Amino acid sequence: MKLNSIGLSEKDSKSLSEDLNELLANFQRYYQNLRGIHWNIKGKRFFELHPKFEELYNEANLNVDEIAERILTLGGVPLHTFEDYIESSKVPVGKNITKDEEAIRLIVDSLKELLVIERRILDASDKSGDEGTNSMMSDFITGQEKTVWMMKAWLAEEI
């Protein structure tokens, strides 16, 4: 087995980079959704939700950068065009969402898609001995699970 400069299998690193690019594309769509609902939210809960959506998109933006840098660390090239993101993402598109419940549901549905990808990457990175990617996925999952719980509580729904 041939190892790369950080001591991981080149084959595993290539595969993980591809998986991380899928996550990157989905995170970019999630980020754009958050920007859209931040800009377009209306109604009595505007002052509550507008800053919350800003907090979430700032966090998503940081995660996008972390994912891209991890791809580079593994020897890959991060996707960086909207065309690539559209082709590679499963996160639902939120267009012209102005209602509070619809916006919160979009966040929950988006995070569900991200969590599925992240759990798959977590499993693969664990099998590869890639602690850097594993730790990142674990942190993302922990934070996103909490966000889902809070959003579901706001909707008065069970997990």
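Among the candidates Glu113, Glu59, Glu87, the residue that is within 11 Å of the chain's Cα centre (by Cα) and either loosely packed, with under 13 Cβ neighbours inside 10 Å or farther than 28 Å from Glu10 by Cα (or both) is uniquely Glu59.
Candidates Glu59, Glu118, Glu69, Glu101: the one that is within 14 Å of Tyr31 (Cβ to Cβ) and in a helix (DSSP H, G or I) is Glu59.
May I ask you to verify whether Gly143 is over 30 Å from Lys2 (Cα atoms) and surrounded by fewer than 15 Cβ atoms within 10 Å (Cβ to Cβ)? The answer is yes for Gly143. Looking at the range 63-82, can you tell me whether even one residue there is touching a Gly at 6+ places or on another chain (Cβ under 8 Å) and of a type in the set (D, E, K, R)? Yes, because at least one residue in the range 63-82 is touching a Gly at 6+ places or on another chain (Cβ under 8 Å) and of a type in the set (D, E, K, R). Evaluated against (1) in contact (Cβ under 8 Å) with a residue 12 or more places away in the chain; (2) in contact with a Lys or Arg (Cβ under 9 Å, 6 or more places away or on another chain); (3) in a helix (DSSP H, G or I), Tyr31 falls short on exactly one condition, (2). Just give me the residues in the range 74-92 being closer than 14 Å to Tyr31 by Cα and part of a helix (DSSP H, G or I), in sequence order. Those that are closer than 14 Å to Tyr31 by Cα and part of a helix (DSSP H, G or I): Phe82, Tyr85, Ile86. Being small (Gly, Ala, Ser) and part of a helix (DSSP H, G or I) is the filter; apply it to the range 122-147 and report the residue that is farthest from Glu59 (Cα to Cα). Only one residue fits best here, namely Ser128. Scanning the range 51-97 for residues that are closer than 12 Å to Gln32 by Cα and among the charged types (D, E, K, R) yields Glu54, Lys95. Within the range 1-16, being in contact (Cβ under 8 Å) with a residue 60 or more places away in the chain, within 19 Å of Leu122 (Cβ to Cβ) and either among the hydrophobic types (A, V, I, L, M, F, W, C) or assigned to a helix (DSSP H, G or I) (or both) holds for Ile6, Leu8, Asp12, Ser13, Lys14, Ser15, Leu16.
Read-outs throughout are calculated quantities, based only on the coordinates presented, and are distinct from any laboratory measurement. The shown structure was predicted, so the numbers you read here are calculated from the model rather than taken from an experiment. Don't worry about glycine lacking a Cβ; one is built from the backbone with ideal geometry, like all the others, and counts go over all protein chains shown.
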